[in-house]
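Read the structure below first, then the notes.
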Amino acid sequence: AAHTAALAVELGAEDPRVDAPRAIELYLRDRFGLSVLVAAKGADVVGYASHRLEVETAFNAIGRYLSDLYVAPAHRRSGVGHALIAAVARATAHEGGEFIMWLAKADRSEEQALYRRVADVETPVKAFAVTRENFRKIAEH
């Protein structure tokens, strides 16, 4: 958990919307069926993939939603991201699942190159979220 936490701090440095301490707290909770796989090179944890069970009506199947995939900058383009996606796929297949899916930020072309190599479906989507104050307001109704 400490190694994954350190990578969450790195992710927070790359994306100012990430509150690393809060992300670490959420990862350490045992709720929502979230699983985390880590990639290691020697004694160093160099990446992680968090994922959870998902039902997707578009595929008429149960699978896994890859909620976060992170590889430390020094280990990118070395196969770590692909290995993590493959590990999530194997774990999903072992459970009887039939897919993994994820969202990607439109401005991340390096990551999208990997995703296009492994994925057989790419669908343009707009992601919507109700957060913070708006979330509190809508939840109170």
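The values are calculated or read from the model by the stated rules, or taken from the named source; none is laboratory data. Fair warning: this is a prediction, and the values are worked out from it, not measured in the lab. Side chains included, ligands, DNA and RNA excluded: accessible areas come from the protein's heavy atoms. Shrake-Rupley method; radii C 1.70, N 1.55, O 1.52, S 1.80 Å.
Take the Kirkwood radius over Cα pairs of the chain, plug it into Stokes-Einstein at 25 °C and 0.890 mPa s, and you get 150 µm²/s for translational diffusion. Counting only whole DSSP H helices of the chain, the ones at least 20 Å long by C-alpha along their axis and with mean Kyte-Doolittle hydropathy no lower than -0.5 are 80-94. Counting only protein chain heavy atoms and rolling a 1.4 Å probe, the accessible areas of Val55, Val36 rank, largest first, as Val55, Val36. Extents of the stretch 74-130, largest first, come to 32, 32, 23 Å (Cα atoms, principal axes, whole angstrom). Normalised per residue, the accessible area of the stretch 47-88 is 47 Å², obtained with a 1.4 Å probe and no contribution from ligands, DNA or RNA.
Annotation: the antiparallel percentage among DSSP beta bridges lying fully within the chain is about 90.
Helix-only arithmetic for the chain: the sum of -39500 (n - 2.57) across DSSP H runs with n ≥ 4, divided by the residue total, places the mean residue ellipticity at 222 nm at -12000 deg cm²/dmol.
The string of couplings for the stretch 52-61 from the Karplus curve (6.51, -1.76, 1.60, θ = phi - 60°) is 8, 4, 8, 10, 10, 5, 5, 9, 6, 7 Hz, one whole number per residue in order, with x for Gly and Pro. Available extension along the chain between Arg52 and Gln112 is 19.5 nm, counting 0.36 nm per residue and deducting the alpha carbon span.
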